[in-house]
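Below is one structure, written out as structure tokens, with a few remarks after it.
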Amino acid sequence: MEGDDQSSSYESIVSTVYDELAPVYERVFLRLSQYYRHVYNELYEIFRNYFDGVKIHSKVLDLGSGTGIWTMLLRRRGYHVISLDISRASLIKCVRSSRCSDPVQGDAVKLPFRDGYFDAVIAYGSVFNHIVRSEEAFREVSRVLGSGGYLLFDVDNLVCPDMAYEALLGGVSIRGFLKGLISGKGHVGYWYGHGSEAIPLRFFTVKEILSILSNYGFEVVSLKGIHVLSNVIPSRIHQWSGGKITKVASLLYSLDNILGKHIPFKYVATTFLVVSRKLN
């Protein structure tokens, strides 16, 4: 299905899925998966560069906070953090684990905060991929950020070897993939079964991300690719594999780290890690 499908119920679908994942999210995605551990380690390196220094002041919005991994790390560094997520169960776990002090259940397309309130917004965990009306979320983030405020996020890429695999396997629209490859403007609706429901995921091209950021008053400070060469291993296999595949992937990660910083290699990474700043 094409990503232009604006299902009115996608918010409730995403909320339901993450309510069910909340009790096991960290065990499944951090302890059991080398793939996701690698992504989170890459995210953490950028996180430390900005939050261990003096680049960002006091008030941070953890957008799509989930069970509060990043909220916890921010609070330990002395930041005032508001944790916003669409999943009530995730926020309950965040509070019960003493990670969140200011939880807010809400939708990123309509943030309940005044203009210019935050010094930074962090949206780690493919948050914008889970939002069908993602331009509205970027607009809202720009609104609640103060002048010079930072937006740090990761987002999954449409034009990469892994999405080519998905197109061949039927997980992604071939027409949508080719549209993105040729025009740089395409995105697809990626749906996979969850009981009787389907979960919409939106994939972006680098051209599209840069255009959206520019439209809402951001400059790109840095853009790094994660899984640049290691994405020759299909993520369906890579995410949950062990043995020889794990060893091969580990060898490729060191090359990923080098290539992910340079054009054109980083533009075919599975995931973009973006640091942007609001101009005014």
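The values are calculated or read from the model by the stated rules, or taken from the named source; none is laboratory data. Here the structure is a predicted model, which means the values were calculated and not measured. Heads up, the Cβs are rebuilt from the backbone with ideal geometry, glycines too, and the neighbour counts pull from every protein chain shown. When the accessible area is computed, the model is the full protein with side chains, heavy atoms only, and any ligands, DNA or RNA have been set aside. Shrake-Rupley method; radii C 1.70, N 1.55, O 1.52, S 1.80 Å.
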Exercise. Name the residues of region 12-51 whose amide N is less than 18 Å from a point 7 angstrom out from the Cα of THR246 along the C-beta direction?
Worked result: 26-41
For this session: Multiply the residue gap between ARG139 and VAL232 by 0.36 nm, knock off their C-alpha separation, and tell me the result in nm, one decimal place.
Result: 30.1 nm
Problem set entry | Total formal charge among the other residues, if their Cβ is under 13 angstrom from that of GLY78, Lys/Arg +1 and Asp/Glu -1 | +2
Exercise. Cα axis of helix 243-259 to longest principal axis of the chain: angle in degrees, 0 to 90, nearest 10?
Worked result: 70
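Top to bottom by accessible area (1.4 Å), largest first, where do GLU26, GLU136 land? Can you show the working numbers first?
Numbers: GLU26 25, GLU136 60 Å².
Ranking GLU26, GLU136 by accessible area, largest first, yields GLU136, GLU26.
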Exercise. Percent of accessible area on region 63-213 owned by carbon and sulfur, 1.4 Å probe?
Worked result: 54
Problem set entry | DSSP-defined antiparallel bridges as percent of all bridges, the chain, nearest 5 | 55
Problem set entry | Links that overshoot a 25 Å alpha carbon limit, given the list LYS59/LYS278; LYS179/LYS224; LYS110/LYS224; LYS110/LYS266; LYS207/LYS244; LYS93/LYS224 | LYS110/LYS224; LYS110/LYS266; LYS207/LYS244; LYS93/LYS224
Seminar exercise, completed: Computed over the chain, the relative contact order (Cα-Cα under 8 Å, seq sep at least six) in percent reads 20
Seminar exercise, completed: Expressed per residue, the solvent accessible area of the chain in Å² (1.4 Å probe) is about 45
For this session: Identify unpaired cysteines across the chain, taking unpaired to mean no other cysteine Cβ lies under 4.7 Å from the residue's Cβ.
Result: CYS160
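Shape verdict for region 151-280, please, from the Cα gyration tensor: rounded (a/c under 1.5), prolate (a/b greater than b/c) or oblate. The partial results should precede the final answer.
Numbers: a/c = 1.84, a/b = 1.17, b/c = 1.57.
The shape class here is oblate.
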Exercise. Helix 174-183 versus the longest principal axis of the chain: what angle, 0 to 90°, nearest 10, using Cα atoms?
Worked result: 70
Seminar exercise, completed: Quick shape check on region 2-153: root eigenvalues a ≥ b ≥ c of the Cα gyration tensor, a/c under 1.5 is rounded, otherwise prolate if a/b tops b/c, else oblate, and it reads rounded
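For region 36-79, just say rounded, prolate or oblate: build the C-alpha gyration tensor, square-root its eigenvalues into a ≥ b ≥ c, call rounded for a/c under 1.5, and beyond that prolate if a/b exceeds b/c, oblate if not. Walk me through the intermediate numbers first.
Working: a/c = 2.17, a/b = 1.25, b/c = 1.73.
Taking the square roots of the gyration eigenvalues as a ≥ b ≥ c, region 36-79 is oblate.
From the helices alone, meaning DSSP H stretches of at least four residues, give me the mean residue ellipticity at 222 nm for the chain, per-run term -39500 (n - 2.57), in deg cm²/dmol to the nearest 500.
Values: 10 runs with 108 residues, N = 280.
The helix contribution divided over the chain gives -11500 deg cm²/dmol.
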For this session: Determine how large the accessible area of VAL159 is when every protein chain is in place; take a 1.4 Å probe and give Å² rounded to the nearest 10.
Result: 30
Seminar exercise, completed: The helix 134-144 Cα axis meets the longest alpha-carbon principal axis of the chain at an angle in degrees, between 0 and 90 and rounded to 10, of 30
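Dipole magnitude of region 1-128 about its Cα centre, charges +1 at Lys/Arg Cβ and -1 at Asp/Glu Cβ only, in debye to the nearest 20?
Numbers: 15 positive and 16 negative charges, 166 e Å.
That gives a dipole near 800 debye.
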